[in-house]
Amino acid sequence: QVQLVESGGGLVQAGGSLKLSCAASGSINALAWFRQAPGKERAFVAGMSWRGGDTLYSDSVKGRFTISRDAAKITVSLQMNGLKFEDTAVYYCAAVRSGRAYVLHNYNYYNYWGQGTQVTVSS
C-alpha cells in the first residue's frame, strides 16, 4: 500500500503562483495531479511517468503549470503560475501502482489517492 501526502495549496490572487507537493511512501509507476471544482467532474491536470519522466499536461494548464520530481524522495511537485479563477478546485495527487499499465490522463488507472488540497484563486 502506497500512501500519498500532499502539501501546499491555499488562497492566492489571480495571476499569482502556488506550489503543490506530493510525497509517495513506496514504489510507483506514474504520478499525476487531478482537480475537482464544485459541481464538476474530477479532471486531469498534469502527470509524469516515473521511469522515463515523460510528462503530460491538460490544455487548460499547459504553459502555466510545471510538474517535476525528486526521484530520490519519490516526490512530485506542481508549480502553478499565472493562476486563474477557474483553477480554483480541490487538487488531488494520484499514483499508479508499480508494474501496472496506465494512461496518464485517465483517473481510472490510478490506484492511490491523496486526501486533496484546496486551491482558491480570487479574481
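Would you please state the base-10 log of I(q)/I(0) at q = 0.22 1/Å for the chain, with intensities from the Debye formula using one equal scatterer on every alpha carbon?
With one equal scatterer per Cα and no solvent, log10 I(q)/I(0) is -1.28.
So which lysines pass the test for residue 40, namely a Cα distance under 18 Å, with those fewer than 8 places away in the same chain ruled out?
Within the straight-line limit of under 18 Å, residue 40 reaches these lysines: 84.
Keeping every protein chain present and rolling a 1.4 Å probe, give me the accessible area per residue for the stretch 1-89 in Å². Intermediate values should be presented prior to the final figure.
Numbers: 4580 Å² over 89 residues.
Per residue, the stretch 1-89 has an accessible area of 51 Å².
Can you pull out the GluC sites (Glu not before Pro) in the stretch 1-93 that DSSP calls coil and that have at most 16 other Cβ atoms within 10 Å? Before the final figure, lay out each step's value.
Details: sites: 6, 41, 86; in loops: 41.
Hits after loop and neighbour filter: 41.
Please report, in Å, the Rg and the Dmax of the stretch 77-121, where both are computed over Cα atoms only.
When restricted to Cα atoms, the stretch 77-121 yields Rg and Dmax of 12.8, 37 Å.
Using θ = phi - 60° and the Karplus curve 6.51 cos²θ - 1.76 cosθ + 1.60, what whole-Hz ³J(HN,Hα) does each residue of the stretch 113-122 get, with Gly and Pro shown as x?
Running phi through 6.51 cos²θ - 1.76 cosθ + 1.60 with θ = phi - 60° gives 9, x, 7, x, 9, 7, 10, 10, 10, 8 Hz.
Ignoring ligands, DNA and RNA, what percent of the 1.4 Å accessible area of the chain is carbon and sulfur? Walk me through the intermediate numbers first.
Details: 2970 of 6320 Å².
Roughly 47 percent, rounded to a whole number.
Per residue and in cubic angstrom, what volume does the convex hull of the Cα atoms of the stretch 1-65 have? The partial results should precede the final answer.
Values: hull volume 7.7 nm³, N = 65.
Cα convex hull per residue, to the nearest whole number: 118 Å³.
In percent, what relative contact order does the chain have, based on Cα pairs under 8 Å that are 6 or more apart in sequence?
Working: 314 pairs, mean separation 44.3, N = 123.
The normalised contact order for the chain reaches 36 percent.
The values are calculated or read from the model by the stated rules, or taken from the named source; none is laboratory data. For clarity, every value in this text was computed on a predicted model and none was experimentally measured. Note that each Cβ is placed from the backbone with ideal geometry, even for glycine, and that neighbours are counted across all protein chains shown. Each accessible area value is taken on the protein alone, full model and side chains, heavy atoms only, with ligands, DNA and RNA left out. Shrake-Rupley method; radii C 1.70, N 1.55, O 1.52, S 1.80 Å.
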